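All remarks here apply to the structure that follows.
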Amino acid sequence: FLEPNIRSTCSVTVFYHIVVDFGGLCSSSYVLLHSSRKTFSNVKVSISAQWTPTLQNGSSSAFSPPETWEDNHLFADEAQATLFLGALDSIFLFSYAVGLYLSGVIGDRVNLRYVLCVGLCGSAVVEFLFGTVTEWLKIYNVYLYCGLWVLNGLLQSAVWPCVVAVMGNWFGKSGRGFIFGLWSACASVGNILGAFLASSVLKYGYEYAFLVTSVVQFAGGIVVFFGLLTSPKETGLGPVETDSDSHRPLMSDEEDEVEVEVYAQRDHTIQQQEELPPQTPQAIGFCQAFCLPGVLPYSLAYACLKLVNYSFFFWLPFYLSSNFGWKEAEADRLSVWYDVGGIIGGTVQGLISDFMGKRSPVLGLSLLFAMGALGGYSHSPNDKVINAVLLAITGFFTGGPSNMISSAISADLGRQDALRGSQEALATVTGIVDGTGSIGAAVGQYLVSLIESKLGWMCVFYFFIVMTGGSIVFISPLIFREVRAIWRDRQASQRQL
């Protein structure tokens, strides 16, 4: 039986694992952020109609009185409006990428709770100004929209590195693939929530979609500020390490002999560490984090993959509405099947990678299937049921790997052996991986609108397939190394039998 103080320690840890990280504040903060971010993609058709004159679109009367319509438009036709929407996506993601590099470093030096609160509340205010206030006051200005969206990207970038760092503080490496794969579904849950919130109030005007999601997000930021504990240290507990290998490198250039020697000395090293006085972890520098093993290849792979994933995020409702002629609210609801597939994919693939003890082979195989799934979805017929099924399959093989890289693998990279004694790198590494991915996504959003306007949607899907293949190319050295390690382990076990 456990002593009372040990029982208390365990109960506090379990309570925060379940309530704070899974069911509550840490995950809900990113759910709310993604629900508000999804609003913009869900109302693109309405915004495009509002920004073009009456004679150039067929839905104008539903959104603005005819006598004031001509005074409101920004662009001559919907093609120009679509290009500007793509430019706004790129502007947001570029500023988001820059912010990720900065916020990761800040998150390792400032209380994560403060950074999260500023990101959530500040972003909510900006989105309220962008989508609601400008429409209520009939202010239509390209430069104002661009400036607000730059600020929105910078503020939103503060959230993801911090929530991954909080999760990394509460969980060790053991089971991290499954735990983070399940937890990273918070982004997809936010997409689903945002789609349903936007579609439910869209009939009143797109400004009310921004109003609802921004108010909910602001309230969530206040709750996070007063309720979130960012690490076990704030409860009086020591660092949580559920696995003795939690600081082993995810990948190593050393030979097996060195690895065996490390295993042989593990117990001695642990005993030495227990005798040393506790040290305050120091945050590492940005360049030092960028040079950690595995950070660069996974960052480049994520740049290609996030381009594809965020293109679905930003353009899927618009594609369904414009390509198949479905109503905007119906397209919003149908688009959630991509996120459903991503939730299942991230969880299942994370569990498999935990079982194998390797990440990159699972990612590589899933991305190969993703290329086929993208090709299949590009030929989807005008049938909602078939489209939903193909969307879920595409989300499984595309969104699943994206969730793994941005969460479990980022946490692995930020907790490897090179950081022993200097563990304050989780937010920095997460910011680097996600920031590099956002640069790729930012370039991709403008290319999607450009390719679609010049060549059509089929060429857009060919572009997605090429970029998914690029992700495999960047992590191929890691795949070969880990497959070789699996093969050597299997041969060694057979010789022992």
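Worth pointing out:
- Separation of the VAL473 and LYS203 label points, Cα + 7 Å toward Cβ, nm: 5.0
- Cβ-Cβ FRET estimate between ALA492 and ASN111, R0 fixed at 56 Å, reported to 0.05: 0.75
- Gain in span if fully extended, TYR140 to TYR462, counting 0.36 nm per residue against the direct Cα distance: 112.4 nm
- Phi-based couplings in Hz for the stretch 471-478 (Karplus 6.51, -1.76, 1.60; Gly and Pro marked x): 4, 5, 4, 5, 9, 4, x, 5
- Unsatisfied cross-links (Cα-Cα over 29 Å) in the set LYS306/LYS454; LYS138/LYS384; LYS44/LYS358; LYS38/LYS327; LYS306/LYS384: LYS138/LYS384; LYS44/LYS358
- Modelled spin-label separation between LYS454 and ARG484, with each label point placed 7 Å from Cα along the Cα-to-Cβ direction: 4.1 nm.
- Additional length obtainable on full extension of the chain from VAL133 to LEU296, 0.36 nm per residue less Cα span: 54.5 nm
Just so you know, all these numbers are worked out from the coordinates, no wet-lab data involved. Given the structure is predicted, the values throughout are model-derived calculations rather than measurements. When we count neighbours, we look across all protein chains shown, and the Cβ atoms used for this are built from the backbone with ideal geometry, even at glycine.
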